[in-house]
Number of protein chains: 2
Amino acid sequence: MSREILIRPFSESDWVELWPLLRDTFADGDTYAFDPASSEEAVRHAWITLPQATLVARAPDGQLLGTYYLKPNQTGLGGHVCNCGYVVSPAAQGQGVATRLCEHSQALARQHGFRAMQFNLVVATNTRAVRLWQHLGFSIVGTLPDAFRHARLGYVDAHVMYKPMV
Amino acid sequence: MSREILIRPFSESDWVELWPLLRDTFADGDTYAFDPASSEEAVRHAWITLPQATLVARAPDGQLLGTYYLKPNQTGLGGHVCNCGYVVSPAAQGQGVATRLCEHSQALARQHGFRAMQFNLVVATNTRAVRLWQHLGFSIVGTLPDAFRHARLGYVDAHVMYKPMV
């Protein structure tokens, strides 16, 4: 199932809804490295301040569907490779939102001149995400043994995933 | 050839010599992602302020031989994997200094409770470094196509290297 989505730059009035979405996502401790007890200030810095761009996805009725950020993955001579992070609202899972966010981010990354996109820590047990990124053109270039401390499963592997975009 | 080395925490009086060493190393644009024209402030932030620890290696006569930093490679649930960067003085190349720095960093990392060490962007054309890290127990877990913009060679591959330490 696919649905109508408006993806646009983050604006200040989004934060009141974005923060609980990010907080609850990270609190699960099964997909992102962020400390599950991260403060609002720390999450805001990482998701809004630090990235080159942060976007939000909303339904036509205004419902928050998800968000992503775009930033260089490294400084200087590695700065042509970008990194993105995506979060989909629990109520909007399974509706193609992550696909739409990732496709949007790739187009935006090309506009910004990036030549490739890299995910540094894709939790191996998050098989739905791994398959989705593969479907969207990303390869697993390597697997880091026990690199993620899963809140329920303990130490699990994480993949480095990469997609050339030129 | 191996030589006597004293490895100890960075102190403020080291900076006057450390900055030119780091500046000239990054200016070559063949090993580190740092912008070859990085400002003193930016390099100091990255090498001294941000890391959990920064160390310097000196000969018994006081000559600066090299330096390394140690920091978590990721936040929170990825924070048990550390990252290090090493720089050896040109005059001290080929004397086992990098080996000593890396061995020292692994011991320090274990003391700090890290469970693995990861290098995110080992420039593939820097074959001497790749072989040295392999000799010291690191594996190439994956290769990122064209992830490094080499100052002389253009886009070249970079390896992700990793060593479990438990």
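What follows is calculated from the coordinates using simple rules that are stated; it is not laboratory data. Bear in mind the structure is a predicted one, so any value in this text is a computation, not a measurement. As a convention, Cβ positions derive from the backbone with ideal geometry for all residues, glycine included, and neighbour counts pool all protein chains shown.
Put simply, the amide H of residue B:116, placed in the peptide plane, has neighbours under 5 Å in B:82, B:165, leaving out anything fewer than 5 places away on its chain. For the range B:83-95, putting each phi into the Karplus relation 6.51 cos²θ - 1.76 cosθ + 1.60 with θ = phi - 60° gives couplings of 9, 10, x, 10, 9, 10, 4, x, 6, 10, 5, x, 10 Hz, in residue order, rounded to whole numbers and with x for Gly and Pro.
Of the peptides B:67-77, B:37-47, B:101-111, the order by per-residue mean of other Cβ atoms within 10 Å, starting with the highest, comes out as B:67-77, B:101-111, B:37-47. Residue by residue, the range A:40-51 carries 3J(HN,Hα) couplings of 4, 4, 5, 5, 4, 4, 6, 9, 10, 6, 5, x Hz when phi is fed to the Karplus relation 6.51 cos²θ - 1.76 cosθ + 1.60 (θ = phi - 60°); x denotes Gly or Pro. With θ taken as phi - 60° and the Karplus curve 6.51 cos²θ - 1.76 cosθ + 1.60 applied, the whole-hertz 3J(HN,Hα) list for the range A:115-124 is 9, 6, 10, 10, 10, 8, 8, 8, 5, 5 Hz, x standing for glycine and proline. Among the residues of B:146-155, the average count of other protein chain beta-carbon atoms within 10 Å of the residue beta-carbon is 4.
What FRET efficiency would be calculated for the residue pair residue A:23, residue B:37, taking the C-beta separation as r and a Förster radius of 30 Å, to the nearest 0.05? It comes to 0.15. Per-residue mean of foreign Cβ neighbours for B:157-163 is 3 (Cβ atoms of other chains, 10 Å radius).
The Cα atoms of chain B cover 42, 39, 34 Å along the three principal axes, with the biggest extent listed first.
Placing a label point 7 Å from Cα toward Cβ, how far apart in nm is residue B:96 from its equivalents in the other copies, listed shortest first to one decimal? Taking the point 7 Å beyond Cα along Cα→Cβ, the inter-copy spacings are 6.4 nm.
Among the residues of A:66-73, the average count of other protein chain beta-carbon atoms within 10 Å of the residue beta-carbon is 1. Each of B:122, B:92, B:133 was placed along the dipole of the range B:28-166 (beta-carbon charges, centred on the mean Cα), and the one lying farthest toward the positive end is B:133.
Remark: label point of residue A:16 defined 7 Å out from Cα along the Cα-Cβ vector; separations to the same position in other copies 5.7 nm, ascending.
Taking the label point 7 Å along Cα→Cβ, residue B:131 and its counterparts in the other copies are spaced 4.5 nm apart, in ascending order. The value given for the protein assembly as shown is a Kirkwood hydrodynamic radius of 21.1 Å, derived from the mean inverse Cα-Cα separation.
Nearest-to-axis residue in chain B, judged by Cβ distance to the rotation axis that brings B onto A and given in whole Å, is B:142, 1. Within chain A, the whole DSSP H helices whose Cα atoms reach 18 Å or more along their own axis and whose mean Kyte-Doolittle score is at least -0.5 are A:15-28, A:97-111.
Residues with amide H under 5 Å of residue A:159's amide H, sequence separation 5 or more or different chain, H placed in the peptide plane at 1.01 Å from N; which? It is A:122, A:123, A:124, A:144, by chain and number. Under the shape rule built on the C-alpha gyration tensor, where the axes satisfy a ≥ b ≥ c, the range A:73-129 is oblate, since a/c reaches at least 1.5 while a/b does not exceed b/c. Peptide packing: for B:93-100, A:3-10, the average count of neighbouring Cβ atoms within 10 Å per residue gives the ranking B:93-100, A:3-10, highest mean first.
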